[in-house]
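What follows is one structure encoded as structure tokens, with my remarks underneath.
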Amino acid sequence: MKAFLTVFLVLFSMFSTTYGQDKNLENLRTDDKKRLRFGYYLGLNSVSAKMEYLPTSSGQPFRLAIKPKPSFDVGLLADVRINEFLNVRFHPGVAFIEREIIFPFSEKTFSKPLIERIVKSNYVRLPIGIKLNTRRIRNARPYIMGSMSYNINITSDETHPEDNNSGTFRMKRNMYAWEFAIGTDIYLPYFKFTPSVHGLFALNNEIVPDNDPNSPFTRYISSMKSRGVFLRFTFE
């Protein structure tokens with residue numbers, strides 16, 4: 001529901017900005033004819049995870065509660081024009097991601113009702129995508145984009161000897177993902193401004209099991225794959 005609300009608010013903002021422009025003036029008329037373009041972006045993100053579980057011996061399902069915390073990301077872009085409707089875009093960046101993970105059982109001392117971990121991940125992101133543009137409508141041009149990305153979690157505890165029994169929730173260093181984006185290029189007098197919404201879908205299992213194969217923390221987890229929504233503002 002939050003993702004749909006975010007998309008709605010962004011699209012509303014984009015169309016309000018677009019139709020509020022002077023209909024008789026086209027900004028940056030020759031801008032799209034450039035073969036190579038550069039820019040940068042700032043964004044907000046909310047990243048959770050898709051979980052898959054193994055059956056338990058008791059028959060009761062084991063489930064984690066994963067609560068994403070809003071964070072931010074920054075990056076650069078290089079855009080290569082193929083033709084009027086097709087661009088190849090490399091948009092590397094750094095994403096700061098925070099998640100609260102709650103296990104469905106308590107400490108032995110019962111000092112807390114449930115065990116929780118705050119997992120902070122800093123990803124160096126290397127996505128490359130295909131951007132499909134519509135025709136320009138005055139000073140606006142909607143688009144969709146699909147990307148594949150290689151992401152490096154530089155704060156990963158993958159090789160750390162301690163695990164959940166010592167309070168460390170370990171995730172793998174490398175994450176591969178596909179991404180989908182929808183946005184609108186808005187042509188302003190001196191630069192192009194682009195609000196967009198991006199969805200991220202990890203392809204590989206990111207969790208590192210605890211050292212003990214019978215650990216109550218990871219024994220019944222089959223896989224953990226990041227899922228996220230990014231709200232991005234690009235300047236070219």
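Readers should treat all values here as calculations from the given coordinates under stated rules, not as data from a laboratory. The structure displayed is predicted, hence computed values, not measured ones. Cβ atoms come from the backbone with ideal geometry, glycine included; neighbour counts cover every protein chain shown.
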Whose amide H sits under 5 Å from the amide H of ALA49, counting only residues 5 or more places off or on another chain, with H placed in the peptide plane?
ARG227
Extension gain from THR168 to LEU42, taking 0.36 nm per residue of separation minus the Cα-Cα distance:
42.3 nm
Tell me, in nm to one decimal, what length is gained between PHE72 and ILE154 on full extension, where the rule is 0.36 nm per residue of separation less the Cα-Cα distance?
27.9 nm
Testing the spin-label approximation: label points 7 Å from Cα along Cα→Cβ at GLU100 and LEU86. State their distance in nm.
4.7 nm
What residue among LEU203, LEU44, LEU126 shows peak mean-square fluctuation when the chain is described by a Gaussian network model with Cα springs under 10 Å?
LEU203
ASN204 versus ASP31, label points 7 Å from Cα toward the beta carbon: distance in nm?
3.8 nm
Assign unit charges at the C-beta atoms only (+1 for Lys and Arg, -1 for Asp and Glu), then state the dipole size of the chain relative to its Cα centre in Debye, rounded to the nearest 20.
760 debye
Have a look at HIS198, HIS160, HIS91 and tell me which one the Gaussian network model of the chain (Cα, springs below 10 Å) gives the largest fluctuation.
HIS160
Against the longest alpha carbon principal axis of the chain, how many degrees, from 0 to 90 and to the nearest 10, is the axis of helix 2-19 turned?
10 degrees
State which entries of LYS172/LYS192; LYS50/LYS120; LYS69/LYS172; LYS33/LYS69; LYS131/LYS225 exceed 29 angstrom in Cα-Cα distance in the structure shown.
LYS172/LYS192; LYS33/LYS69
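Take each of the peptides 58-68, 224-234, average the number of other beta-carbon atoms within 10 Å over its residues, and list them starting from the highest.
Taking the mean over residues of other Cβ atoms within 10 Å, the ranking is 224-234, 58-68.
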